[in-house]
Amino acid sequence: MTREVSGDMTKSNLFSKIKDFIHSDAFIFLLPAIILIIVFYLIPIVVSVYMSFTPLKNWNIARYIHEFVGFENYWRFFYMVTHDPTVRPIFITTVVFILVTLAINVLGGLGLAIATFFMGEREASSTQLLWLLPRMTPIAVYSMIWYYFFHGSAIGTLNSILMSLGIIHKPIDWGQSIIPWGPWMIIIFVNGLVGVSYGMIVFTSAISNIPKELVIAARVDGASNWSITKNILIPLLKWHIVYVTTWQMLSLLTTYDHIFLLVEWGLVNRYYGTTWALYIYNMAFTAAEKDLGLAAAAGVILVIVGALLGLLALKILGFEKMVKEPRGDI
Amino acid sequence: MKYCRALSKTAGIVIAIIIIIGIVAGAYYYISHKQITTTKLITFVPLTGDFNKDIINIGKALEQDGVKTVQLSVWSGGDPNSVMRIYGVVEAAYRINNIWKQNNINVEIKVTTRYVSNPNDVYEDYINKWSLGQAPDIMANGYTYIASLASEGYILDLTPYLNNYTSFLNQFYPTLIDAMKWNGRIYGIPQDTEARPLYIRKDVAACAGLDLAGLAEKIKNGQFTWSDLYKWALKVKESGCAPWGLIHRKGSAHPDLIQFIYAFGGKLYDEKTGKLVFDKAAVYKWFVVEKTFADHGLLPHDMMSWDWAKQIHPTVVDGKTLAFIGGTWHWFEWQTKAYYTDPKTGQQRPLTAEEVHKFFYYTLFPSGIKGKPGLTLSQPFAWMINSKAGEQNPNYDKLKDLYHELVFLVVVKASDPDIVAIHSLISGHLPVTKTAAELIKNQTWVNELKNLKVKLDPEVLNNIKNIIEKTVNPLNVQFLANVTYMLEYTTFTPKHPQYPKLASLFADALDQVLRDKMTPAQAVNYIVEKINADPDLKKSVEIIGEIPQNWTFP
């Protein structure tokens with residue numbers, strides 16, 4: 001009896017809260033964001049989960065939308081992962097790739113934002129623009145540039161420079177012969193350069209919002225650039241560091257476009273140049289039949305892994321502590 | 001503050017779920033409803049097999065239904081010289097428009113085109129866009145895609161149309177029509193085909209004292225095998241005539257190397273079971289041959305990642321290898337792309353037809369077994385018609401069949417002898433019809449083409465005139481005539497949806513062998529492991545034979 005009453009109360013409480021919220025200014029304020037999140041985040045997840053239980057192939061939605069295969073796609077995915085002899089190097093490569101590239105992206109972005117903060121306006125703009133170039137360049141063109149730069153024969157720019165300087169006497173096949181460091185170095189370098197600009201933009205924008213008085217006061221007190229960075233800028237960028245780290249980590253977990261081309265063109269070793277996302281892509285899309293059901297199942301698993309890693313990152317970076325309401329400020 | 005806290009987590013989730021259900025249900029209703037409304041069939045014209053009569057009747061029927069313009073699109077891809085894969089349709093539309101004009105039919109076909117370098121991209125875009133109604137009406141692409149496109153219902157079954165056009169069908173070489181079939185039905189019209197000759201540098205051979213006289217005949221009869229070619233390559237290397245004995249193409253799924261499997265008596269497909277075949281013995285022998293070449297410095301260890309434009313072609317055209325496993329289209333590509341470094345100027349330029357003729361000897365791919373004839377491999381291109389062809393045109397529900405008939409006749413027209421012959425002469429692909437093969441031998445017509453005097457849509461002529469100027473000449477015509485015999489020795493790769501996966505494993509394993517990361521036996525076992533690790537592949541591939549214990553090469 002008590003439970004029923006309590007249930008009804010909860011229900012009516014919930015609906016009245018929804019009603020209150022819908023009639024509030026906060027709802028109108030948040031509506032665009034809510035719509036975007038639903039359309040671009042929640043619906044794709046729901047559709048992916050749905051697809052993962054169908055035999056969807058070759059984008060033939062009308063044909064396969066009504067068919068259900070239960071957990072078969074998940075079974076196929078785990079079967080491949082547990083039986084494939086090349087999974088181990090791919091797994092290790094993914095871990096190394098994410099950790100090292102993430103460090104480059106976050107620390108590089110932070111370093112650049114801080115460095116440009118201490119530069120004159122013109123120098124800062126030019127430097128930022130330069131670092132944005134990798135992101136602005138079309139993926140195929142950008143990958144092609146590094147393909148020729150690291151090419152393992154005498155046509156490779158790096159080999160040709162080193163040979164003309166007399167440092168090496170014959171070309172080195174960077175991505176194929178120095179296993180695993182060569183392919184790791186190339187995929188991390190190529191992706192790292194692209195990712196740095198993202199952190200740089202976020203940190204630059206955050207630094208520009210730091211009250212100038214703090215820096216001026218520090219300068220008046222004779223603080224060095226390093227001291228200003230350590231004691232003012234970095235502590236005030238804590239939120240942004242957490243955000244960029246988490247975002248970039250998830251982004252690296254799912255990225256494969258540049259790597260796909262470098263592997264496909266034979267620049268890097270197929271196993272130590274392939275990350276998890278590319279492995280999944282190859283698994284589902286190498287055949288003439290595009291196995292979207294399998295890809296969706298693998299995608300759902302990737303979302304779960306990503307969510308867990310995201311939560312872990314927030315935990316490690318002390319997100320909970322940061323969002324806690326300050327004690328005694330009301 | 002009160003309102004900000006008004007929405008609990010549960011409430012947020014409820015709102016999100018309601019919106020998602022609404023959108024998903026709407027999309028579901030749209031798709032289901034669309035399926036129902038697109039099944040109304042009304043107007044069509046019975047085909048008689050008389051092209052002019054049929055096209056006039058279709059034109060009149062369209063005019064009666066108020067159609068003034070029919071929009072069609074064609075997509076294809078390939079090397080830069082093979083643009084007739086799209087312009088063939090433009091030309092066909094031009095010719096049909098003229099027929100309609102002469103018969104006072106006020107209907108016009110307008111064609112939009114898309115041509116890219118990689119035909120696989122065209123295929124992927126086609127399947128991505130088919131459900132959205134954005135796939136082209138006609139696609140010229142490799143016959144290997146027929147299986148997956150036909151099984152999804154993405155392309156039209158042409159059998160009923162061809163039943164009325166038997167004389168048209170009979171113009172094509174029968175093996176090519178077989179390649180267009182899936183489950184006994186014809187889903188494509190052959191657009192072009194090719195052979196993959198083994199090119200041998202005459203100057204390099206002469207330098208090493210190798211006699212090319214009668215070589216093609218010996219390979220044809222199985223008297224000259226890969227063991228002999230290995231010995232020749234070794235001689236070339238030892239005598240310093242060229243740094244390499246053999247160069248081939250790179251990357252995954254290239255059918256050139258699959259010829260090794262056939263050369264060693266292996267097979268890739270079992271007609272009875274409809275399964276792919278992994279023939280361990282034949283693949284092992286292929287890997288051993290390539291490894292032996294690589295171990296003796298006759299073939300680069302990193303061959304599978306060589307760069308096309310900067311390494312592979314320059315090495316071949318500059319005479320730095322004895323042999324090259326290529327295709328007929330390379331003969332023409334070398335005349336249009338600047339791969340050759342002129343010894344006098346040091347500048348890169350295309351070869352002239354005379355130079356290509358002077359430098360290269362061509363023959364079938366040698367057998368691996370003494371007494372077994374040499375072979376080649378073809379991957380014919382097919383015109384495929386979208387099962388929703390004409391969808392972007394007025395009154396589609398009512399005129400669907402009429403549009404399909406029209407598109408079929410456009411493809412019939414695009415197979416006119418001169419269109420097929422022009423494509424062959426400028427791209428180095430072999431003609432798919434006997435009438436086109438005859439036309440290529442007609443010196444008067446070839447001269448007219450060379451002088452740009454042939455009757456073509458001005459737009460088409462303008463787009464291909466540069467290629468015509470560079471490629472149409474008696475030496476190239478002679479080349480095409482000389483290689484046509486290879487079609488009698490041709491083989492095909494399987495038309496199985498899982499085949500690209502298997503081909504990709506071959507390329508991957510071969511790369512490991514050439515780089516000394518795996519022995520040939522390890523590579524074969526690696527492929528077996530990879531097949532067994534993929535449930536779809538495992539289901540589709542029959543693994544036969546064993547790694548031979550006492551087999552040696554050469």
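The values are calculated or read from the model by the stated rules, or taken from the named source; none is laboratory data. Nothing here was measured: the structure is a model prediction, and the numbers come from that model. A quick note on method: Cβ atoms are made from the backbone with ideal geometry, for glycine too, and the neighbour counts reach across all protein chains shown.
From the list B:N393, B:N442, B:N386, pick out the single residue that is of a type in the set (S, T, N, Q), out of contact with any Gly (no Cβ under 7 Å at 6 or more places or on another chain) and closer than 30 Å to B:T352 by Cβ. It would help to see each step written out before you state the result.
Working: B:N393 fails: closer than 30 Å to B:T352 by Cβ; B:N386 fails: closer than 30 Å to B:T352 by Cβ.
Selected residue: B:N442, the only one of B:N393, B:N442, B:N386 that is of a type in the set (S, T, N, Q), out of contact with any Gly (no Cβ under 7 Å at 6 or more places or on another chain) and closer than 30 Å to B:T352 by Cβ.
Tally up the residues in segment B:295-336 that are part of a helix (DSSP H, G or I), more than 14 Å from every other protein chain (Cβ to nearest Cβ) and closer than 22 Å to B:P197 by Cβ, please. Can you show your working first?
Pass one, segment B:295-336, residues part of a helix (DSSP H, G or I): B:295, B:303-305, B:308-317, B:328-336.
If we keep only those that are more than 14 Å from every other protein chain (Cβ to nearest Cβ) too, we end up with B:295, B:316-317, B:328-336.
From what's left, closer than 22 Å to B:P197 by Cβ: B:316-317, B:328-336.
Of the residues in segment B:295-336, 11 are part of a helix (DSSP H, G or I), more than 14 Å from every other protein chain (Cβ to nearest Cβ) and closer than 22 Å to B:P197 by Cβ.
Identify all residues within segment B:79-106 that are small (G, A, S) and either out of contact with any Ser or Thr (no Cβ under 7 Å at 6 or more places or on another chain) or outside the structural domain of B:D121 (by TED's automatic domain parsing) (or both); write none if there are none. Step through it out loud before you land on a result.
Taking segment B:79-106 first, the residues small (G, A, S) are B:82, B:88, B:92-93.
B:G88, B:A92, B:A93 - these are the residues of segment B:79-106 that are small (G, A, S) and either out of contact with any Ser or Thr (no Cβ under 7 Å at 6 or more places or on another chain) or outside the structural domain of B:D121 (by TED's automatic domain parsing) (or both).
So which residues in segment A:136-179 are assigned to a loop (DSSP other than H, G, I, E, B) and buried (at least 16 other Cβ atoms within 10 Å of the Cβ), if there are any at all?
Of segment A:136-179, the ones assigned to a loop (DSSP other than H, G, I, E, B) are A:137-138, A:151-156, A:165-173, A:178-179.
Answer for segment A:136-179, where residues must be assigned to a loop (DSSP other than H, G, I, E, B) and buried (at least 16 other Cβ atoms within 10 Å of the Cβ): A:H151, A:G152, A:S153, A:I155, A:G156, A:P171, A:I172, A:D173, A:I178, A:I179.
Select, from B:Y143, B:Y173, B:Y165, the only residue that is among the aromatic types (F, W, Y) and more than 21 Å from the chain's Cα centre (by Cα). Steps first, please.
Values: B:Y143 fails: more than 21 Å from the chain's Cα centre (by Cα); B:Y173 fails: more than 21 Å from the chain's Cα centre (by Cα).
Selected residue: B:Y165, the only one of B:Y143, B:Y173, B:Y165 that is among the aromatic types (F, W, Y) and more than 21 Å from the chain's Cα centre (by Cα).
Would you mind stating whether A:L312 is over 30 Å from A:G175 (Cα atoms), away from chain B (no Cβ under 14 Å) and either buried (at least 17 other Cβ atoms within 10 Å of the Cβ) or not aromatic (F, W, Y) (or both)? Explain how you work it out, then say what you get.
Working: over 30 Å from A:G175 (Cα atoms): yes; away from chain B (no Cβ under 14 Å): yes; either buried (at least 17 other Cβ atoms within 10 Å of the Cβ) or not aromatic (F, W, Y) (or both): yes.
When the stated conditions are applied, A:L312 passes them.
What is the residue count in segment A:76-95 for residues that are buried (at least 18 other Cβ atoms within 10 Å of the Cβ) and under 18 Å from A:A295 (Cβ atoms)?
Residues in segment A:76-95 being buried (at least 18 other Cβ atoms within 10 Å of the Cβ) and under 18 Å from A:A295 (Cβ atoms): 6 in total.
Filter segment B:495-523 down to the residues that are of a type outside the set (D, E) and not in a helix (DSSP H, G or I) and list them by number. Outline the logic, then answer.
To start, the set of residues in segment B:495-523 that are of a type outside the set (D, E) comprises B:495-507, B:509-510, B:512-515, B:517-523.
Of everything in segment B:495-523, those that are of a type outside the set (D, E) and not in a helix (DSSP H, G or I) turn out to be B:K495, B:H496, B:P497, B:Q498, B:R515, B:K517, B:M518, B:T519.
Residues being within 15 Å of B:F506 (Cβ to Cβ) and at the interface with another protein chain (Cβ under 9 Å from one of its Cβ atoms): count how many of those fall in segment B:526-539. Talk me through it step by step, then tell me what you get.
Within segment B:526-539, the first condition is being within 15 Å of B:F506 (Cβ to Cβ), and the residues that meet it are B:526-531, B:534, B:537.
Now drop any that are not at the interface with another protein chain (Cβ under 9 Å from one of its Cβ atoms), which leaves B:526, B:529-530, B:534, B:537.
So the answer is 5.
Restricting attention to segment B:524-548, report how many residues are more than 21 Å from A:G266 (Cα to Cα) and either in a helix (DSSP H, G or I) or of a type in the set (S, T, Y) (or both). Before you say what the answer is, go through the steps one by one.
Restricting attention to segment B:524-548, the residues satisfying the condition of being more than 21 Å from A:G266 (Cα to Cα) are B:525, B:528-529, B:531-548.
Remaining after also requiring either in a helix (DSSP H, G or I) or of a type in the set (S, T, Y) (or both): B:525, B:528-529, B:531-533, B:535-540.
Result for segment B:524-548: 12.
Please pick out the residue among A:Y198, A:Y142, A:Y147 that is within 14 Å of another protein chain (Cβ to nearest Cβ) and among the aromatic types (F, W, Y). Don't jump to the end; show me each part of the working.
Values: A:Y198 fails: within 14 Å of another protein chain (Cβ to nearest Cβ); A:Y142 fails: within 14 Å of another protein chain (Cβ to nearest Cβ).
Criteria check complete, one pass: A:Y147.
Determine whether A:G266 is touching a helix residue (DSSP H, G or I) at 6+ places or on another chain (Cβ under 8 Å) and within 11 Å of chain B (Cβ to nearest Cβ). Lay out the reasoning, then the answer.
Working: touching a helix residue (DSSP H, G or I) at 6+ places or on another chain (Cβ under 8 Å): yes; within 11 Å of chain B (Cβ to nearest Cβ): yes.
Taking the combined requirement at face value, the residue satisfies it.
Can you go through A:I186, A:I179 and tell me which one is touching a residue at least 24 places away in the same chain (Cβ under 8 Å), among the aliphatic types (A, V, I, L, M), under 27 Å from A:V305 (Cβ atoms) and touching a Gly at 6+ places or on another chain (Cβ under 7 Å)? So that I can check it myself, show each step before the final result.
Details: A:I179 fails: touching a Gly at 6+ places or on another chain (Cβ under 7 Å).
Of the residues listed, the single one that is touching a residue at least 24 places away in the same chain (Cβ under 8 Å), among the aliphatic types (A, V, I, L, M), under 27 Å from A:V305 (Cβ atoms) and touching a Gly at 6+ places or on another chain (Cβ under 7 Å) is A:I186.
Taking A:L31 as meeting all but one of (1) surrounded by 13 or more Cβ atoms within 10 Å (Cβ to Cβ); (2) within 14 Å of chain B (Cβ to nearest Cβ); (3) hydrophobic (A, V, I, L, M, F, W, C), write down the number of the exception.
The failed condition is (1).
Name the residue, out of B:Y269, B:Y262, B:Y187, that is within 23 Å of the chain's Cα centre (by Cα), over 15 Å from B:L299 (Cβ atoms) and surrounded by fewer than 22 Cβ atoms within 10 Å (Cβ to Cβ). Let's see the steps before the verdict.
Details: B:Y262 fails: surrounded by fewer than 22 Cβ atoms within 10 Å (Cβ to Cβ); B:Y187 fails: surrounded by fewer than 22 Cβ atoms within 10 Å (Cβ to Cβ).
Being within 23 Å of the chain's Cα centre (by Cα), over 15 Å from B:L299 (Cβ atoms) and surrounded by fewer than 22 Cβ atoms within 10 Å (Cβ to Cβ) holds for just one of B:Y269, B:Y262, B:Y187, which is B:Y269.
If we keep just the residues of segment A:202-233 that are β-branched (V, I, T), part of a helix (DSSP H, G or I) and touching a helix residue (DSSP H, G or I) at 6+ places or on another chain (Cβ under 8 Å), which is farthest from A:T255 (Cα to Cα)? I'd like the intermediate steps shown before the answer.
Step one: filter segment A:202-233 for residues β-branched (V, I, T), giving A:202, A:204, A:207, A:210, A:215-216, A:220, A:228-229, A:232.
With the extra rule that they be part of a helix (DSSP H, G or I), the set shrinks to A:202, A:204, A:207, A:215-216, A:220, A:228-229, A:232.
The next check asks that each one be touching a helix residue (DSSP H, G or I) at 6+ places or on another chain (Cβ under 8 Å); those that pass are A:202, A:204, A:207, A:215, A:228-229, A:232.
Details: A:V202: 20, A:T204: 24, A:I207: 28, A:V215: 38, A:I228: 35, A:T229: 32, A:I232: 34 Å.
This residue is A:V215.
Count, please, the residues in segment B:470-525 that happen to be at the interface with chain A (Cβ under 10 Å from one of its Cβ atoms) and over 24 Å from A:W174 (Cα atoms).
Total meeting the criteria: 10.
With the condition kept exactly as written, say whether any residue in segment B:431-442 is within 14 Å of another protein chain (Cβ to nearest Cβ), touching a residue at least 60 places away in the same chain (Cβ under 8 Å) and crowded, with 18+ Cβ neighbours inside 10 Å. Reasoning before the result, please.
Initial filter on segment B:431-442 (within 14 Å of another protein chain (Cβ to nearest Cβ)): none.
Looking for residues that are within 14 Å of another protein chain (Cβ to nearest Cβ), touching a residue at least 60 places away in the same chain (Cβ under 8 Å) and crowded, with 18+ Cβ neighbours inside 10 Å, one finds none in segment B:431-442, hence no.
Filter the helices (runs of 4 or more DSSP H) completely within segment A:44-129 down to those with at least 2 residues that are of a type in the set (D, E, K, R) and within 14 Å of chain B (Cβ to nearest Cβ).
Working: elements: A:61-64, A:72-83, A:87-117.
Of the helices (runs of 4 or more DSSP H) lying wholly inside segment A:44-129, those with at least 2 residues that are of a type in the set (D, E, K, R) and within 14 Å of chain B (Cβ to nearest Cβ) span A:72-83.
From the list B:T193, B:T225, which one is at pLDDT below 95, buried (at least 20 other Cβ atoms within 10 Å of the Cβ), away from every other protein chain (no Cβ under 14 Å) and within 28 Å of the chain's Cα centre (by Cα)? Before you say what the answer is, go through the steps one by one.
On the way: B:T225 fails: at pLDDT below 95.
Among B:T193, B:T225, only B:T193 is at pLDDT below 95, buried (at least 20 other Cβ atoms within 10 Å of the Cβ), away from every other protein chain (no Cβ under 14 Å) and within 28 Å of the chain's Cα centre (by Cα).
Within segment B:225-244, track down each residue that is acidic (D, E) and within 10 Å of B:P366 (Cβ to Cβ).
Filtering segment B:225-244 down to residues acidic (D, E) leaves B:228, B:238.
Scanning segment B:225-244 gives a single hit, B:D228.
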